[in-house]
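Readers should treat all values here as calculations from the given coordinates under stated rules, not as data from a laboratory. Remember, it's a predicted structure, so these values are computed and weren't measured experimentally. So basically every Cβ, Gly included, is an ideal-geometry build from the backbone, and we count neighbours across all protein chains shown.
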Amino acid sequence: MSAHKKHDVRLPRSLAATRYLVLFPIIGLALAAAMLFIFGGFNLLKLIFETTMGYLGLAQPHDTGLPIYVEIVEYVHTFLIGTVLYITSVGFFQLFIKKMDVPRWLRIGNTEELETNLIGVTVVVLAINFMSLSFNKDGDYLVRYGVSIALSIAALGLFLGMRAWSRKMDRETELKEKELEMKIKMLEKKIEAEQKAASQ
């Protein structure tokens, strides 16, 4: 094998090996998600313990100026952000490294599936974030923030809708092309049969 051919073989292998560089963001995202889950879960348990002890009169009442359910919602917001990071990490691993034995909803076959999962969780994160802010922000700020969130969610919904419409059109076009090919083949067979009959 010549030096040129060896170079042609090594280059694709080298490019294919670069996909393992994605392990760095995969590990980073997984660690960030774990941090949010661990510290968020610990603080949530601490909040529940302190609140329970306060109600029972065994300790000073837990008071941060916010209703208890608002604080819990804020922890839910933290967990959802961790979920986004985790889905991204698992998605990158499946796309670039290899498939994983995960629940069906977490299986990622292409970037579109990853984007769809992330968009769904992101919409919930935005809604919960607005809910938590509604208890400690003034009305003007909430209106501006609410409008921006609504526009963001509408844009994401439009994006998903256009993608679904595009996929539908592609499937319909593919079906029409297959039907046309079948009709052409049937017509060719008919013409061939007529030609054979005429020659006899």
Most mobile of Ser14, Ser132, Ser152 per a Gaussian network model of the chain (Cα springs, under 10 Å)? Ser14
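Based on the Cβ-Cβ distance from Ile97 to Ala32, what FRET efficiency comes out when R0 is 22 Å, to the nearest 0.05?
Numbers: r = 19 Å, r/R0 = 0.85.
Computed FRET efficiency for Ile97 and Ala32: 0.75.
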Label selected from (1) 1.20; (2) 0.98; (3) 1.72, the criterion being Cα Rg over 2.2 N^0.38 Å as computed here: (3)
Would you mind telling me which residue in Leu106, Leu15, Leu85 has the biggest mean-square fluctuation in a Gaussian network model of the chain, where springs connect alpha carbons within a distance under 10 angstrom? Leu15
How many nm separate the modelled label positions at Lys189 and Ile153, each set 7 Å beyond the Cα in the direction of the Cβ? 5.5
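Students often check this: by mean Cβ neighbours within 10 Å, which of 72-81, 181-190 ranks highest, and how do the rest follow?
72-81, 181-190
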